[in-house]
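Following: one structure in structure tokens, then a few remarks.
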Amino acid sequence: MLDVSKLVVAYGQSEVLHGLDLHVAPNEIVALMGRNGMGKSTLMRSLMGIIPARSGSVHIGARDITRLKSYERVTEGVAYVPQGRMIFSSMTVEENIETGLIPRGESRVPADLYDLFPVLLEMKNRRGGNLSGGQQQQLAIARALATRPKVLLLDEPTEGIQPSIIREMGRTLKRIRDERGLSIVVSEQVLSFALDIADRVLVIENGDIVHEDLRADVDEAKVAKFLSV
Ligand SMILES: Nc1ncnc2c1ncn2[C@@H]1O[C@H](COP(=O)(O)OP(=O)(O)OP(=O)(O)O)[C@@H](O)[C@H]1O
Ligand SMILES: [Mg+2]
């Protein structure tokens, strides 16, 4: 579903991704693990078209999206939940979700989104900025899903969120995958969460994928070591 080949991304003179390959199957959840500054957000921003690729390619199915603008990528089925959530704090919950409907030319929030996140229905007229961190994360995911993506990119969704809410988020993400059949790439530093949701675990270090395991074969000690050094 998502095919990234030899992706090179740089900020000015500073190259962060040095020819990264990533293939994600339909229905697959891939966790991208890595310490601070290793390139997780850079990869996500590049996949979303926020930073251009120096070289390499990105495909969604057969479609080459390497040179597309962000809004065009949304129409092609890429959705993104940025690190820090970035919801619109002065807009209501419902208005935040509605921004995700625009690319599809829809105007009503589908009921199935509120089925996934009942708390958002209860709070639909509250301002986004007045929600808790966990609720804002749910809102950011709902807004991304409103675009009806084929590939959902989540950048450190558990950051600053308490353990019980993290477990709930894991259940919700698996439900989203099962019900909607989309592919999910989630960057993480919390190993327990990655192991809870992922079919495959990757480790990124200095912009390169240095380790990869199917969930069933994950060597926890080894992955933990990458994250702790
Ligand atoms: N706008 C920018 N301009 C220049 N360098 C940047 C910029 N954003 C990130 N970098 C650098 O790129 C590298 C990768 O950063 P990135 O934000 O992708 O890491 P990350 O894995 O997401 O880290 P974290 O877990 O802290 O979010 C770091 O060395 C960082 O300093
Ligand atoms: Mg980051």
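Each reported figure results from applying straightforward, stated rules to the coordinates on display, with no laboratory input. Keep in mind that this is a model prediction, so the values were computed, not measured.
Cα-Cα pairs above 19 Å in segment 1-146: how many percent?
57
How many percent of Cα pairs in segment 182-229 exceed 16 Å?
That tail contains 32 percent of the Cα-Cα pairs.
Measuring from the lowest to the highest alpha carbon on each principal axis, how far does segment 16-69 reach, largest first, in angstroms?
32, 28, 18
What would the Debye formula give as log10 I(q)/I(0) at q = 0.22, 0.28, 0.29 Å⁻¹ for the alpha-carbon point model of segment 124-174, no solvent?
Per q value, in the given order, log10 I(q)/I(0) is -0.88, -1.23, -1.27.
What residue among 33, 169, 91 has the largest mean-square fluctuation in a Gaussian network model of the chain, using Cα springs under 10 Å?
Most flexible of the set in this elastic network: 91.
How long are the semi-axes of the ellipsoid equivalent to segment 149-204, from square roots of 5 times the Cα gyration tensor eigenvalues, in whole Å, largest first?
Whole-Å semi-axes of the equivalent ellipsoid: 17, 14, 10.
At 0.36 nm per residue, minus the direct Cα-Cα distance, what do residue 36 and residue 189 gain on full extension? Give it in nm, one decimal, please.
Extra length from residue 36 to residue 189 when fully extended: 54.2 nm.
What full-extension length gain, to one decimal in nm, is calculated for residue 214 and residue 104 as 0.36 nm per residue of separation minus the Cα-Cα distance?
Stretched fully, the residue 214-residue 104 segment lengthens by 36.2 nm.
Inverting the mean 1/r over all pairs of different Cα atoms, compute the Kirkwood radius of segment 78-229 and quote it in Å.
Answer for segment 78-229: a Kirkwood hydrodynamic radius of 16.2 Å.
Return the single residue from 104, 73, 200 with maximal mean-square fluctuation; model: Gaussian network over the chain, springs between Cα atoms under 10 Å.
Looking only at 104, 73, 200, the biggest GNM fluctuation is shown by 104.
How are the alpha carbon pair distances in segment 74-157 distributed across 10 Å bins from zero to the largest one, expressed in percent?
Result, from short to long distances: 20, 57, 23, 0 percent.
Give me the extension gain from residue 69 to residue 14: residue separation times 0.36 nm, minus the current Cα-Cα distance, reported in nm with one decimal.
17.6 nm
Which of the lysines could a cross-linker span from residue 69 if the Cα-Cα distance has to be under 28 Å and same-chain partners fewer than 8 positions apart are dropped?
Straight-line reach from residue 69, under 28 Å: 6, 40, 150.
Do the sum for the chain: with -39,500 (n - 2.57) for every DSSP H run of n ≥ 4, divided by all residues, what is the mean residue ellipticity at 222 nm, to the nearest 500 deg cm²/dmol?
Computed ellipticity for the chain at 222 nm equals -10000 deg cm²/dmol.
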